[in-house]
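The values are calculated or read from the model by the stated rules, or taken from the named source; none is laboratory data. On a predicted model such as this, the values are computed, not experimentally measured, just so you know. Note: ideal-geometry Cβ built from the backbone for every residue, glycine included; neighbour counts use all protein chains shown. In case anyone asks, the SASA skips ligands and DNA or RNA and just uses the protein heavy atoms, side chains included. Shrake-Rupley method; radii C 1.70, N 1.55, O 1.52, S 1.80 Å.
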Amino acid sequence: PPRREPVTVRPKPVASELLRAAAAAPPPVAREVSGTQTVRAGPPDQAIGEKRYELDVKYHGILLGKKGLTVKALEQASGAKIAFVTDPVGQIIIRGTSAQREEAWRLTKRVQEQLPQLLTLLREKAVEKGQLTTRPAMEGRIGDKEQVWPVAVGEAIARAKTPDEA
């Protein structure tokens, strides 16, 4: 019988490997896809509009979060509604007043930069006292793995809300 070459099977990367890669990668540069479309007219500070930004689909997961946790926190913090579209290209759609849209986009960019590092820190390393602004007394690791995402998202939102340093 003919001799067969052995087949090499590569294991799929685990979530922690993907998060480490995302943490090490530079944040993507998203660009505006469309201008603001008015959804509901009203006074300029109350008119509801929609803005779309191109955002690679590979970043949708971290911004959605486990069980939608991240996007819900972003919506609560900004007052805007956020949706993701994958076709024809990855996009994030932000709907709300002008101020809500701007705040949602600002928070989204900052959370996207910080969340992978926070998840890695909470999963794999010991947290030092004072390292987390939302839990200054916390020290060590989180014992309950179900709490990693809520703690990381809460910390990322808190850090994102701090004003940019000039």
*Of (1) under 17 Å from ASP56 (Cα atoms); (2) in contact with a Phe, Trp or Tyr (Cβ under 8 Å, 6 or more places away or on another chain); (3) of a type in the set (A, V, I, L, M, F, W, C); (4) part of a helix (DSSP H, G or I), LEU119 satisfies all except one. Which?*
(1)
*asked:* Anything in the range 110-125 that is in contact (Cβ under 8 Å) with a residue 40 or more places away in the chain, more than 12 Å from GLY154 (Cα to Cα) and open to solvent by less than 60 Å² (accessible area, probe 1.4 Å)? List them, or say none.
replied: ARG110, GLN112, PRO116, THR120
*Among the residues of the range 94-109, is any farther than 25 Å from VAL57 by Cα and of a type in the set (A, V, I, L, M)?*
yes
*asked:* For the structure I just gave you, tell me whether GLN112 is farther than 14 Å from ALA73 by Cβ, at pLDDT 90 or above and in a helix (DSSP H, G or I).
replied: no
*Consider LYS145 carefully, then state whether it is more than 30 Å from GLY49 (Cβ to Cβ) and open to solvent by 20 Å² or more (accessible area, probe 1.4 Å).*
yes
*asked:* Can you pull out every residue in the range 86-109 that is part of a helix (DSSP H, G or I), open to solvent by 30 Å² or more (accessible area, probe 1.4 Å) and within 19 Å of LYS66 (Cα to Cα)?
replied: LYS109
*May I ask you to list the residues in the range 47-83 that are open to solvent by less than 50 Å² (accessible area, probe 1.4 Å), under 12 Å from the mean Cα position of the chain (by Cα), among the hydrophobic types (A, V, I, L, M, F, W, C) and modelled with pLDDT of 90 or more?*
ILE62, LEU63, VAL71, ALA73, LEU74, ILE82
